[in-house]
Amino acid sequence: AGAVLNREMTMTGCRNSGSISCKFNGTTNRNVRIGGIVGMSYKALTMTDCHNTGSVTQLNSKNTEYLGGLVGQVEQNLTTNFSNCSVNSVITPAKTTFPYAGLVGGRVTDKSTGRTNTTISGVTVSGTFAGVEITSENYGTYTFGTSSDYGKISGHETTGITFAE
């Protein structure tokens with residue numbers, strides 16, 4: 001769900017207010033990438049003035065879920081920029097652990113260098129994540145999946161991200 005991008009992309013002024021959900025009915029274990037705006041990006045991604053108020057839900061836990069309010073997954077070794085974006089959404093992973101799920105992005109990684117090429121400015125978040133109401137005290141815990149270099153290296157770094165009251 002959400003767009004799959006296979007070239008370097010700049011997205012400006014994108015909005016989603018519709019509900020996005022996925023249930024994989026296959027017999028093999030497949031990865032599912034769901035985002036409020038972008039499901040998967042295989043190339044560098046810049047999002048400016050993009051907003052999601054629609055819910056994002058994974059309905060079954062058979063597969064690995066990459067789930068985010070703006071983007072499900074950005075492939076490794078890429079530059080990702082988020083500026084003046086917002087998520088005010090209900091994000092519902094199917095699994096009880098969330099290595100690839102977050103309010104902004106499920107997985108944003110740069111494995112080869114051990115650092116992130118992600119920049120964030122002016123991003124606001126609110127809503128609920130896995131049934132937990134987002135507050136000014138806990139929003140940093142749920143911004144990115146724990147497998148994201150952006151979250152892992154900086155302890156769910158919230159520089160550039162604020163809680164929208």
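I'd like the full set of residues that are over 22 Å from T10 (Cβ atoms) and in contact with a Gly (Cβ under 9 Å, 6 or more places away or on another chain), limited to the range 57-75. Write out each step before concluding.
First, the residues of the range 57-75 that are over 22 Å from T10 (Cβ atoms): 57-65, 67.
If the condition is that a residue be over 22 Å from T10 (Cβ atoms) and in contact with a Gly (Cβ under 9 Å, 6 or more places away or on another chain), then K62, N63, E65, L67 are the ones that fit.
Can you find, within the range 140-157, the residue that is modelled with the highest pLDDT among those that are of a type in the set (S, T, Y) and open to solvent by less than 40 Å² (accessible area, probe 1.4 Å)?
Within the range 140-157, the subset of a type in the set (S, T, Y) is 141-143, 146-148, 150, 154.
Among the residues that remain, those that are also open to solvent by less than 40 Å² (accessible area, probe 1.4 Å) are: 143, 147-148, 150.
Working: T143: 88, S147: 75, S148: 72, Y150: 62.
Among those residues, the one meeting the criterion is T143.
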Seminar exercise, completed: Within the range 78-90, of all residues that are open to solvent by 10 Å² or more (accessible area, probe 1.4 Å) and at pLDDT 80 or above, the one nearest to T124 (Cα to Cα) is S86
For this session: Name, by its number, the condition in (1) among the hydroxyl-bearing types (S, T, Y); (2) exposed (fewer than 15 other Cβ atoms within 10 Å of the Cβ); (3) modelled with pLDDT of 90 or more that does not hold for S126.
Result: (2)
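Anything in the range 91-123 that is of a type in the set (K, R) and modelled with pLDDT of 90 or more? List them, or say none.
Taking the range 91-123 and keeping what is of a type in the set (K, R), we get 95, 107, 111, 115.
Within the range 91-123, no residue meets the criteria.
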Exercise. Within the range 66-77, can one find any residue that is on the phi < 0 side of the Ramachandran plot, part of a strand (DSSP E or B) and surrounded by fewer than 24 Cβ atoms within 10 Å (Cβ to Cβ)?
Worked result: no
Seminar exercise, completed: Counting only residues in the range 127-147 that are in contact (Cβ under 8 Å) with a residue 12 or more places away in the chain and outside any loop (DSSP other than H, G, I, E, B), the one nearest to G72 (Cα to Cα) is identified as F144
For this session: Please state which of the following conditions T53 fails to meet, knowing it meets all the rest: (1) buried (at least 17 other Cβ atoms within 10 Å of the Cβ); (2) at pLDDT 95 or above; (3) of a type outside the set (D, E, K, R); (4) over 14 Å from the mean Cα position of the chain (by Cα).
Result: (4)
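The values are calculated or read from the model by the stated rules, or taken from the named source; none is laboratory data. Keep in mind that this is a model prediction, so the values were computed, not measured. Every residue, glycine among them, receives a Cβ derived from its backbone with ideal geometry; neighbour counts consider all protein chains shown. Surface areas here come from the heavy atoms of the whole protein model, side chains and all, with no ligands, DNA or RNA. Shrake-Rupley method; radii C 1.70, N 1.55, O 1.52, S 1.80 Å.
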